[in-house]
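Read through the structure below, which is laid out as structure tokens, and then see the notes.
The values are calculated or read from the model by the stated rules, or taken from the named source; none is laboratory data. Remember, predicted model here, so these are calculated numbers, not experimental data. Don't worry about glycine lacking a Cβ; one is built from the backbone with ideal geometry, like all the others, and counts go over all protein chains shown. Accessible surface areas use protein heavy atoms only, side chains included; no ligands, DNA or RNA. Shrake-Rupley method; radii C 1.70, N 1.55, O 1.52, S 1.80 Å.
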Amino acid sequence: MPKSKKITNQPINLTDPQYYLNRELSWLEFNNRVLHEALDPRTPLLERLKFLAITSSNLDEFFMVRVAALKQQVEAKVSKLTFDGLTPQRQLDEISFFLRPLVAQQHQHFENVLRTQLAHHGIHILDYIDLTEKQRNYLDNYFEEQIFPVITPLAVDPSHPFPYISNLSLNLAVVVKNPETEEELFARVKVPKVLPRFLALPPELGIQHQDKPFVWTGIPLEQAIAHNLESLFPGMNIQEYHLFRITRDADLELEEDEADDLLLAIEQELRKRRVGGTPVRMEIKSETPAAIRDRLLEDLELTENDVYEVDGLLGLRDLMYFMSLPLPELKDPPWQSVVHPRLQRIREPNIVGTEVREIEEGKDFFAVIRERDLLVHHPYQSFSASVVRFITTAAHDPNVLAIKMTLYRTSGDSPIVNALIAAAENGKQVSVLVELKARFDEENNIYWARRLESVGVHVVYGLVGLKTHSKIVMVVRREQERIRRYVHIGTGNYNQKTARLYTDLGLFSCREELGADVTDVFNFLTGYSLQKSYRQILVAPVNMRDRLLSLIHREIENAQKGNSGRIVAKMNSLVDPQIIATLYEASRVGVKIDLIVRGICCLRPGLKDISENIRVISIIGRFLEHSRIFYFYNNGQEEIYIGSADWMPRNLDRRVEVVTPVQDPDIAKDLQEILGIMLADNRQAWELQADGSYIQRHPGEDCPETSSQKILMSMALNSTAIASTLINSKKSSVSLDS
């Protein structure tokens, strides 16, 4: 470990805004890294299209939530500065300045690069004007039969006020002329979302490459509509049409303290969201005439700063459509999660009856946990064969008395919810906290809450003023005249679909103190509790902030005594100014700090006398890095934690979060190895610079490409030699204690 360094005598105000990066601009940098995956020729072609769609979808949500909030602050004349010293208006200006070239690059890359490469592989996204007569006839007939009955043209005149434009909808602004009066009239035609965005031609009319099977040929839906407008306005002369797209404020405005029934209050807000809030952005084609542009701005009450010009296809999020094409050679190699070695020979529940059938005379799931704690790493290790099986086993085990669980986001066809329903039907005590305020999942969660309640599950909707973001399950089981509690504490949602796409960790344990702590958390969630301390776990908003600060201060104190100090933390976002200031203190006395922050990071690394000992990387790849791991050297008595919380004010102060220490030494080593592999990544890692920009790492001349996600996939397939070589290599400099 490096020798400690005394704090300089010169006083430094660590809360000075110059030492912090802006949250919104840092998020835009993150989305820029996502976009780079679409630009990177090493990424398979359809995966590049996918990342382009994700970039666009991310921006939609950014405008619906973050930009909308800033515009509200400006309208309310909020003058309070962020901790990095910016007003709401200044942030909007900076966002616009950053985004415009990024949006241009995004669309240019699709039009000039990806579209050509797709055509080379038999995927032809054509324009209507380029179609042959036979192709046009087919699509015109298709329009008359399948599209025309769905569309409703809306006139705009004194007797027809400007129509409501729904959120994220594609629309045609149409100018027609009455041939009898020569009067020009304005109308709006919505591109219906109930139809596919892209219309495919049949194989016999598609473009066929010699000696290659037919793949896909077609056009965007809006072009078929635009070239058949005469059917919508019979007798009128079509003068011009122009495509535009609107983004609206979509955040819920909920006064929880005044709500008599939280579920009903959220349902009412969801109805408002479907209608949509105030417009915050308009995307239009760059060739749109000034008169049409001004008309739309006036009717939508937007300003010129809210307009984003696009050359090419609007709504790139719809490009995800092409991921369904059966072209495995243009995608990442398929990954099938493996079953954790300790779970490969266990009994499974017979979900028909109450008996348990044995597979190769294996142990039951609970016996595996009783042996010692179990760590699972998704998607490398199977979520279904671990978390889903754990809950399903508990639901059908006659010795299980109760199941308690938190649900933040789950899938539409959740096997976990079905298992909870089966548990209730089997007479077990089932309690579930369903977080109704999980943004953009509110409707799905309301459905599951009502479904669970209908079979007798005790459902809690969350706490007033707090979101319950923790990922915890507890199973209470009778065993030989005693009661034992089995717990799962995770970093990600109980969602088997996202578990295939997000990297997350889950710890299974039946340690007494851990079970007692989780019991206390559930009592806090379902009843009344003023509990301020827990035996082992960190719980927000109760003790987590103070405990994290004390763990950092312990490294500071050790460094000040001349000992080694070391912190490695992996999370989604680092925003909290108090945590950042304390990390700066640690850096100034020589504590070596490595941060793996996927998204927003408001800390500036590499500042002289402030953060010279802090390094920040972000890993963007095939899987979304979602796990949270926190390592503290502790003078050789290393401590490592996992849990649901990022280091943000909302996670530490306004959410119920759970972070647990890892006590099993073998699991602690596994987690250190995972961190070490990520710190050595030179394929998907980006290094944060002091000015807020990121530089992507590349392999050196004598160094092989090191993709952390590929190595972890290899480890899951028992190729542990790769990881061991990497961790023990002096060249990699990734060992956490050296």
Quiz item: If the Cβ limit is 6 Å and pairs must be 6+ apart or interchain, which residue in the stretch 633-653 that is farther than 17 Å from residue 671 by Cα pairs with which residue that is in a helix (DSSP H, G or I) and open to solvent by 10 Å² or more (accessible area, probe 1.4 Å)?
Solution: 635/558; 652/545
Quiz item: Which one is surrounded by the fewest Cβ atoms within 10 Å (Cβ to Cβ), of the residues in the stretch 485-516 that are in a strand (DSSP E or B) and free of Cβ contacts under 8 Å to residues at least 40 places away in the same chain?
Solution: 485
Quiz item: So which residues in the stretch 423-472 are at pLDDT below 85, outside any helix (DSSP H, G or I) and either over 19 Å from residue 523 (Cβ atoms) or of a type in the set (D, E, K, R) (or both)?
Solution: 435, 436, 437, 438, 439, 440, 441
Quiz item: When you go through (1) out of contact with any helix residue (DSSP H, G or I) (no Cβ under 9 Å at 6 or more places or on another chain); (2) at pLDDT below 95; (3) under 27 Å from residue 578 (Cβ atoms) one by one for residue 531, which number turns out not to apply?
Solution: (1)
Quiz item: With respect to the numbered conditions (1) in contact (Cβ under 8 Å) with a residue 40 or more places away in the chain; (2) part of a helix (DSSP H, G or I); (3) not charged (D, E, K, R), which one is the sole condition not fulfilled by residue 165?
Solution: (2)
Exercise. Residues being of a type in the set (Val, Ile, Thr) and either modelled with pLDDT under 95 or in a helix (DSSP H, G or I) (or both): count how many of those fall in the stretch 548-600.
Key: 5
Quiz item: Taking the stretch 669-718 only, how many residues are open to solvent by 30 Å² or more (accessible area, probe 1.4 Å), closer than 29 Å to residue 609 by Cα and in a loop (DSSP other than H, G, I, E, B)?
Solution: 6
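How many residues are within 19 Å of residue 240 (Cα to Cα) and open to solvent by 20 Å² or more (accessible area, probe 1.4 Å) when one looks only at the stretch 164-185?
Adding up the residues that qualify gives 9.
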Quiz item: Can you pull out the residues in the stretch 517-543 that are surrounded by 16 or more Cβ atoms within 10 Å (Cβ to Cβ), in a loop (DSSP other than H, G, I, E, B) and free of Cβ contacts under 8 Å to residues at least 60 places away in the same chain?
Solution: 534, 542, 543
Exercise. Please go through the stretch 626-648 and pick out each residue that is under 16 Å from residue 27 (Cα atoms) and open to solvent by 10 Å² or more (accessible area, probe 1.4 Å).
Key: 626
Quiz item: Among the residues of the stretch 602-614 satisfying the criterion of being surrounded by fewer than 18 Cβ atoms within 10 Å (Cβ to Cβ) and of a type in the set (D, E, K, R), which is farthest from residue 695 (Cα to Cα)?
Solution: 609
Quiz prompt | Filtered residues of the stretch 296-316 (kept if within 20 Å of residue 167 (Cβ to Cβ), open to solvent by less than 80 Å² (accessible area, probe 1.4 Å) and either in contact with a His (Cβ under 9 Å, 6 or more places away or on another chain) or touching a residue at least 40 places away in the same chain (Cβ under 8 Å) (or both)) | solution = 296, 299, 300, 308, 310, 313, 314, 315, 316
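Are any residues in the stretch 186-202 open to solvent by less than 80 Å² (accessible area, probe 1.4 Å) and not hydrophobic (A, V, I, L, M, F, W, C), and if so, which ones? Show your work before the answer.
Narrowing the stretch 186-202 to residues open to solvent by less than 80 Å² (accessible area, probe 1.4 Å): 186-192, 195-202.
188, 190, 192, 196, 197, 202 - these are the residues of the stretch 186-202 that are open to solvent by less than 80 Å² (accessible area, probe 1.4 Å) and not hydrophobic (A, V, I, L, M, F, W, C).
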Quiz item: Which one of these is open to solvent by 10 Å² or more (accessible area, probe 1.4 Å) and free of Cβ contacts under 8 Å to residues at least 12 places away in the same chain: 74, 103, 78?
Solution: 78
Practice problem: Please give the strands (runs of 3 or more DSSP E) falling wholly within the stretch 173-226 in which 3 or more residues are over 24 Å from residue 283 (Cβ atoms), touching a residue at least 60 places away in the same chain (Cβ under 8 Å) and under 37 Å from the mean Cα position of the chain (by Cα). | Solution: none
Self-check item: In the stretch 651-662, residue least open to solvent (accessible area, probe 1.4 Å) [restricted to those that are among the charged types (D, E, K, R) and at pLDDT 95 or above]
Solution: 657
Quiz item: Across the stretch 386-400, which residue is farthest from the chain's Cα centre (by Cα) among those that are under 10 Å from residue 416 (Cβ atoms) and open to solvent by less than 10 Å² (accessible area, probe 1.4 Å)?
Solution: 395
